[in-house]
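**Student:** Structure below; questions to follow.
Laboratory data are not the source of any read-out in this text; all were calculated from the coordinates shown. Keep in mind the model is a prediction, meaning the values are calculated, not measured. Cβ atoms come from the backbone with ideal geometry, glycine included; neighbour counts cover every protein chain shown.
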Amino acid sequence: MLNAAHIWPISAEVRSGRLYLGGCDTVALADAYGTPLYLLDEATVRGAMRAYQTAFGSTGLQVRIHYASKALLNLALAQIVAQEGLGLDVVSGTELLVARRAGLPMAHVHMHGNAKSDAEMERALTWGVGSLVVDNLDELARLAQLSAGRSQPQGVLLRLAPEIEAATHAHIATGGSGSKFGLPLAALPAAVQQLLATPSLRLDGLHAHIGSQLFALDELCATLEVLVQAAAQVQRDYKLTMRELSPGGGLGVPYTATQPLPDLTEYAARLAQTLRSACAAHGLPLPRLTLEPGRSIVARAGVALYRVVARKVQHGQVQYLHIDGGMADNLRPALYGANYSALLANQASAPPGPPVAVAGRYCEAGDVLLRDAALPPAVPGDLLAVATTGAYTLSMASNYNLTPRPALLLLGNGSAQLIQRREREEDLLARDHVLG
């Protein structure tokens, strides 16, 4: 039995001392596909998507769940999003291309981003995305020019900065007064006036997102209240009803045994109560509520496998385990000081020894994946499994030190499907040209 089972995929189990996911032996997978290797448990992904739909479906509101693709995106995952009936949030032209190739209805896609290029907005307009989420007045002016002459107006959401300081790491707090994202509340009238003067654009609603890895529901509810207040201002001053409000996503997930698993039912009920009471107080009809979960859909589903390559021993005690991956495939510990939990996949039932640090292979002193890992005494060749690595790992991966990015397998019902192959050296050199 696994300790802290709530941070591992729902299919995780130990058989004969080995970690199994989706009915697959992770040690055998590492031998077959090499390491570093990322695993994604299909049952956990689909279960999270369905849990959101069930929780918010029980509120009686009109709700749409959009998966935030920045957490992790590939063609197979986008297909699962489509199969489960979710929408998709994208922030680049390539993410939009993935959505299209995976067969997602463009009407269920929102195009985000604070610095969209003209080419990206033209693609979104041509392909008919459901909403372009406008971040600033400069972007709105460019979009007005790009959309001129359209026979059907393009739906737009205005992203507002609600001036709410979220209790999270500064690098993932996105709704405060100093954030780079969103229109200041004082700029809302100018944006609405510009939209009303642009026949090719249609203001459908308002959006905000205050950050990621949030556990305080009061902050998320306060964000929705700010949006309702802004919608009431638009209704009062311009006689325009906002049909959609989106308080974004950001619900946190546990990475360690001491962190709790948030209650989706409570989250849905609190947001629904907030929306109903705020709309009633301002005399507004209930709009559609759009949620944008990302991390809470895929984080728990992911497990990263690394091979222990060497040990650093000092004063007779192992100080570091050196592994064959690190900050190039998982930047979060170096960037955010993020904590993870791990075990040895080939010794999954063994008791832990003294705490040890797990260091990556890259040429940075900060490339330390775990600081005080409670692992059995490990030797070179052992297999490290790191939990809760489905979100913001591969999506932020790099080729630092010219290392290829890992493969990704989708696991379920005792089978493993390769959904992203490992990069090859040829891939990394394909863009280079020798001197002429």
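**Student:** What does the convex hull of the Cα atoms of the range 6-162 come to per residue, in Å³, rounded to a whole number?
**Tutor:** 160 Å³
**Student:** Counting every Cα pair in the range 184-269, what percent are over 15 Å apart?
**Tutor:** Here the long-distance tail beyond 15 Å is 64 percent of all Cα pairs in the range 184-269.
**Student:** Further question: Taking the dipole about the Cα centre of the chain, with the C-beta of Lys and Arg at +1 and of Asp and Glu at -1, give me whichever of V91, A197, V309 is farthest to the positive side.
**Tutor:** It is A197, whose Cα lies furthest towards the positive end.
**Student:** Counting only trypsin sites (Lys or Arg not before Pro) that are in a DSSP loop and have at most 10 other C-beta atoms within 10 Å, tell me the longest site-free stretch of the chain. If you can, show how the numbers build up before the last one.
**Tutor:** Values: sites that count: K180, K239, R424, R431.
Between the exposed loop sites, the longest stretch runs 240-423.
**Student:** Could you pull out every residue, at least 5 positions away or on a different chain, whose amide H is within less than 5 Å of the one on A208? Hs are placed 1.01 Å off N in the peptide plane, and Pro or chain starts have none.
**Tutor:** Residues meeting the amide H criterion: L160, S246, G248.
**Student:** For the chain, what is the charge dipole size about the Cα centre, in debye to the nearest 20, if Lys and Arg each add +1 at the Cβ and Asp and Glu each add -1 at the Cβ?
**Tutor:** For the chain, the charge dipole is close to 500 debye.
**Student:** Could you let me know the centre-to-centre spacing of the range 12-35 and the range 351-399, using Cα atoms, in angstrom?
**Tutor:** Rounded to whole Å, the Cα centres lie 17 Å apart.
**Student:** Which log10 I(q)/I(0) values does the range 112-292 give at q = 0.15, 0.18 Å⁻¹ under the Debye formula, counting every alpha carbon as one identical point scatterer?
**Tutor:** -0.87, -1.17
**Student:** Okay, moving on. Roughly how big is the range 38-141's charge dipole about its Cα centre, with Cβ charges of +1 (Lys, Arg) and -1 (Asp, Glu), in debye to the nearest 20?
**Tutor:** 360 debye
**Student:** On the Cα set of the range 218-357, report Rg and Dmax in Å, please.
**Tutor:** In Å, with Rg to one decimal and Dmax whole: 23.1, 75.
**Student:** Using amide H atoms built 1.01 Å from N in the peptide plane, name the residues 5+ places from G353, or on other chains, whose amide H lies under 5 Å from its own.
**Tutor:** Placed amide hydrogens put L375 under 5 Å from G353.
**Student:** Which residue, Q420, Y392, N346, has the largest displacement toward the positive end of the dipole of the chain when charges sit on each Cβ (Lys, Arg +1; Asp, Glu -1)?
**Tutor:** Q420
**Student:** Using only Cα atoms, figure out Rg for the range 265-420 and give it as a multiple of 2.2 N^0.38 Å.
**Tutor:** Values: Rg = 20.6 Å, N = 156, 2.2 N^0.38 = 15.0 Å.
Output field value: 1.38.
**Student:** Continuing with this model, one more query. As I understand it, the dipole of the range 112-292 uses +1 on the Cβ of Lys and Arg and -1 on the Cβ of Asp and Glu, about the Cα centre. Which of A278, S117, G130 lies farthest toward its positive end?
**Tutor:** G130
**Student:** Next question. Please give the charge dipole size of the range 112-292, origin at the Cα centre, charges +1 on K and R Cβ atoms and -1 on D and E Cβ atoms. Round to the nearest 20 debye.
**Tutor:** Working: 13 positive and 17 negative charges, 112 e Å.
The dipole magnitude comes to about 540 debye.
**Student:** Just to check I understand the Karplus step: with θ = phi - 60° and J = 6.51 cos²θ - 1.76 cosθ + 1.60, what whole-Hz values come out for the range 348-360, glycine and proline as x?
**Tutor:** So the Karplus estimates, Gly and Pro as x, are 5, 9, 6, x, x, x, x, x, 9, 8, 10, 9, x Hz.
**Student:** For the chain, what does the helix formula give at 222 nm: sum of -39500 (n - 2.57) over DSSP H segments with n ≥ 4, over the residue count, nearest 500 deg cm²/dmol? Don't skip to the end; give the middle numbers.
**Tutor:** On the way: 12 runs with 126 residues, N = 436.
-8500 deg cm²/dmol, from helical runs alone.
**Student:** Find the centroid of the Cα atoms in the range 216-276 and in the range 51-84, then give the distance between the two in whole Å.
**Tutor:** 16 Å
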